[in-house]
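The values are calculated or read from the model by the stated rules, or taken from the named source; none is laboratory data. Because the structure is a prediction, the values reported are computed rather than measured. A quick note on method: Cβ atoms are made from the backbone with ideal geometry, for glycine too, and the neighbour counts reach across all protein chains shown.
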Amino acid sequence: MATIIGLVLLGIAALILIWVIGIYNMLIRGRTRVEEGWSDIEVQLNRRYDLIPNLINTVKGYAQHEEGVFTKVTEARTAAMSAATPHDHALAENQLSQTLKSLFAVAEAYPDLKASTNFAHLQTELVDAEDKIQASRRFYNGLVRKFNIAVQTFPTNLMAGLLGFKIFDFYDAPEVANAVPQVQF
């Protein structure tokens, strides 16, 4: 009789251990996917950051007296590159988007610049980079949503808390992305 009770307790302990290992492995896979998603965003942001100096240099060739705009864009780019958290990135990206708008406003005043194939190519590359950043943000936020649900729902939340798993922050769109576009005819 004691042997049967011992085997039953051993079986229950084995099932609990298998359950804990399964949850732990699921959380590790989820965390790794979120980190991979964040890495994808950083790759696309770096691609855009690499385009910005070329864009500035192209515009500088036509508009040398607009040094204040170039300085602001460079400072905003540096701040965005050094941001550490998704929240800090969102704030820095908002500022960078605003300064890039001012750079393109400067370009509007120079018809020769707008007609430049180099400038047009850089604009196209920048739009492509923005599209890829947006796709990477959506992918990352989907992974964060899935992971956060797992960390916060029962019974996984019990193990997540014991094992030190924390929820991730979503990558919120910069405020400029939420603004209503102004259309003038």
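Any residue at all in the range 1-9 that is among the polar types (S, T, N, Q), in a helix (DSSP H, G or I) and more than 28 Å from Met159 (Cα to Cα)?
Yes, some residue in the range 1-9 is among the polar types (S, T, N, Q), in a helix (DSSP H, G or I) and more than 28 Å from Met159 (Cα to Cα).
Regarding Leu96, is this residue among the hydrophobic types (A, V, I, L, M, F, W, C), under 18 Å from Arg137 (Cβ atoms), touching a Lys or Arg at 6+ places or on another chain (Cβ under 8 Å) and part of a helix (DSSP H, G or I)?
Taking the combined requirement at face value, the residue satisfies it.
For the range 37-58, which positions are in contact (Cβ under 8 Å) with a residue 40 or more places away in the chain, within 17 Å of Tyr171 (Cα to Cα) and surrounded by fewer than 17 Cβ atoms within 10 Å (Cβ to Cβ)?
The one that is in contact (Cβ under 8 Å) with a residue 40 or more places away in the chain, within 17 Å of Tyr171 (Cα to Cα) and surrounded by fewer than 17 Cβ atoms within 10 Å (Cβ to Cβ): Val43.
Tally time: how many residues in the range 113-166 are more than 27 Å from Gln44 (Cα to Cα), surrounded by 15 or more Cβ atoms within 10 Å (Cβ to Cβ) and of a type in the set (Val, Ile, Thr)?
Of the residues in the range 113-166, 2 are more than 27 Å from Gln44 (Cα to Cα), surrounded by 15 or more Cβ atoms within 10 Å (Cβ to Cβ) and of a type in the set (Val, Ile, Thr).
In this structure, does Pro86 turn out to be within 30 Å of Glu35 (Cα to Cα), more than 16 Å from the chain's Cα centre (by Cα) and either touching a residue at least 40 places away in the same chain (Cβ under 8 Å) or surrounded by fewer than 17 Cβ atoms within 10 Å (Cβ to Cβ) (or both)?
For Pro86, the condition - within 30 Å of Glu35 (Cα to Cα), more than 16 Å from the chain's Cα centre (by Cα) and either touching a residue at least 40 places away in the same chain (Cβ under 8 Å) or surrounded by fewer than 17 Cβ atoms within 10 Å (Cβ to Cβ) (or both) - is not met.
Name the single residue, out of those in the range 43-83 being at pLDDT below 85 and outside any helix (DSSP H, G or I), that is nearest to Pro111 (Cα to Cα).
Going through the qualifying residues, I end up with Ala63.
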